[in-house]
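Some notes on the structure that comes next.
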Ligand SMILES: C[S@@+](CC[C@H](N)C(=O)[O-])C[C@H]1O[C@@H](n2cnc3c(N)ncnc32)[C@H](O)[C@@H]1O
Ligand SMILES: Nc1nc2[nH]cc(C(=O)O)c2c(=O)[nH]1
Ligand code: SF4
Ligand SMILES: [Mg+2]
């Protein structure tokens, strides 16, 4: 993809940007869905650039900490999706895809064309859109880029990330309106109380039924090596609390190669 970095996209603050029927696209590729309830399903991935959070561990650094992208119009994006004629599932991810107004129009176009749509989102933004599966990954306290963890080493994003990472209203609307999964990146045992508290809070704030099997624990790890260090502990946490474990099939298969 051609590369440029826009300050507006860097900050995930695109309200005032004239997007003119296009989206900042970091990559578009065909792979197996690696995570969650649809793991293993052949899917086209559309990765938008720009994010309103800054998880220190973000495995898509060039959509968040240092965004790169080409602005592609919706016709071009949909045509590229259709080039992969084996696929009937599309995953719209990022960055945070729901910061962009045009993502709603893209989802409409994909749905009208007959695709099953999954949106990978951090759950801080609600949009009324054609979403079959809202794959929500709320960010735990352990994701906050404290100075000692920040890839840029200055801790500038810590407060903003911490203040924005949970929005109960947005989460409630997402689980009420769409098929959903709550997919938590887990570092260690300390995350469990954070997960339990959030699930309890969400259950109390919505009439939507949230089953334990809708709560997925996914080991942190952008590489095989790091995943190996966390998968067993994550599996044990899932067993102990009755939550579902999700692998990261693409990391097992292709490690951290781009476009996988
Ligand atoms: C790059 S994010 C993009 C979508 C959205 N911003 C979000 O966080 O859900 C896609 C998925 O990767 C997960 N993820 C990011 N970095 C990870 C890491 N180092 N290990 C495991 N999962 C990670 C996110 O939690 C999310 O489920
Ligand atoms: N194969 C594959 N599956 C995925 N599921 C969610 C992904 C994402 O980055 O959102 C992802 C990804 O990057 N690759
Ligand atoms: S919310 Fe998603 S894209 Fe944004 S920094 Fe966290 S993992 Fe990366
Ligand atoms: Mg990924």
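No value in this document is a laboratory result; all are computed from the given coordinates. In this text, all values refer to a predicted model and were calculated from it rather than measured experimentally. Glycine also receives a Cβ, built like all others from the backbone with ideal geometry; neighbour counts cover every protein chain displayed.
The figures follow:
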item	result
Exposure proxy ranking, count of Cβ atoms within 10 Å, fewest first, for 127, 109	109, 127
Efficiency of FRET from Cβ geometry, residue 109 and residue 162, R₀ 41 Å, rounded to 0.05	0.70
Ranked list, fewest to most other Cβ atoms within 10 Å of each Cβ, for 80, 229, 148	148, 229, 80
Order of 215, 78 - criterion: other Cβ atoms within 10 Å of each residue's Cβ, fewest first	78, 215
Beta bridge orientation in the stretch 122-260: antiparallel %, DSSP, nearest 5	0
Relative packing of 249-257, 90-98, which averages over residues the other C-beta atoms within 10 Å, highest first	90-98, 249-257
Chain lengthening between residue 196 and residue 169 when straightened (0.36 nm per residue, less Cα-Cα)	8.0 nm
Net length gained if the chain between residue 32 and residue 73 were fully extended (0.36 nm per residue, minus Cα distance)	12.3 nm
Over the stretch 7-254, relative contact order from alpha-carbon pairs under 8 Å, at least 6 apart, %	17
Gain on full stretching of the segment that runs from residue 226 to residue 86 - 0.36 nm per residue minus C-alpha separation	47.2 nm
At 1.567 mPa s and 4 °C, Stokes D of the stretch 176-260 from Kirkwood alpha-carbon radius, µm² per second	94
Rounded, prolate or oblate (a/c below 1.5 giving rounded, otherwise prolate when a/b exceeds b/c) for the chain by Cα gyration tensor	rounded
Calculated FRET value between residue 210 and residue 59, using beta carbons and R₀ = 22 Å, to 0.05	0.25
